[in-house]
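Below is one structure, written out as structure tokens; the observations come after it.
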Amino acid sequence: MYPNPVTDVLNIAQANGAAYTVTDAVGRVLSTGSLQGDKAQVSTAAFTPGMYILTISKDGRTEKVKFVKQ
């Protein structure tokens, strides 16, 4: 996942077919979807500056990564 901090677009590598969820610091779900391709992108343009958590689920595994929106 890059860049971190992010401005408008979060790039996610090697996540083809994975489901994602972006939540804010209090756990509110802001964005969900499916990632397609070797280099998928998630728009963060509508997010206010702050810390967020990206959760990626694929093949029964889940990974959570914190990122900062500038």
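The values are calculated or read from the model by the stated rules, or taken from the named source; none is laboratory data. Fair warning: this is a prediction, and the values are worked out from it, not measured in the lab. As a convention, Cβ positions derive from the backbone with ideal geometry for all residues, glycine included, and neighbour counts pool all protein chains shown. Quick note on the areas: whole protein, heavy atoms, side chains included, nothing else; ligands and nucleic acids left out. Shrake-Rupley method; radii C 1.70, N 1.55, O 1.52, S 1.80 Å.
Computed quantities for the displayed model
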quantity	calculated
21 Å Cα-Cα reach of K58 towards lysines, excluding residues that sit fewer than 8 places from it in its own chain	K39, K66
Net charge, G50 excluded, C-beta distance under 13 Å - Lys, Arg +1, Asp, Glu -1	+2
Formal net charge of residues neighbouring N4 (Cβ-Cβ distance under 11 Å; K, R +1; D, E -1)	+2
Which labelled figure in [x] 1.01; [y] 1.40; [z] 1.71 is Cα Rg over 2.2 N^0.38 Å, once derived from the coordinates	[x]
Net charge of neighbours whose Cβ lies under 10 Å from the Cβ of K69, counting Lys and Arg as +1 and Asp and Glu as -1	-2
Inter-label distance, nm, simple model (7 Å from Cα along the C-beta direction), S57/T32	0.8 nm
Chymotrypsin sites (Phe, Trp or Tyr not before Pro) restricted to the stretch 1-56 and DSSP loop, no more than 12 other C-beta within 10 Å	none
Spin-label pair A45/D24, simplified geometry with 7 Å Cα→Cβ offset, distance in nm	2.0 nm
Cβ charges +1 (Lys, Arg) and -1 (Asp, Glu), total dipole of the chain, debye	120 debye
Farthest toward positive dipole pole in the chain [+1 Lys/Arg, -1 Asp/Glu at C-beta], among Y2, V22, G37	V22
Accessible surface of the chain [probe 1.4 Å, protein heavy atoms]: carbon and sulfur percent	49 percent
Whole-Å distance, taken between Cα centres, linking the stretch 18-46 and the stretch 2-17	9 Å
The chain, accessible area per residue, ligands and nucleic acids excluded (1.4 Å, Å²)	64 Å²
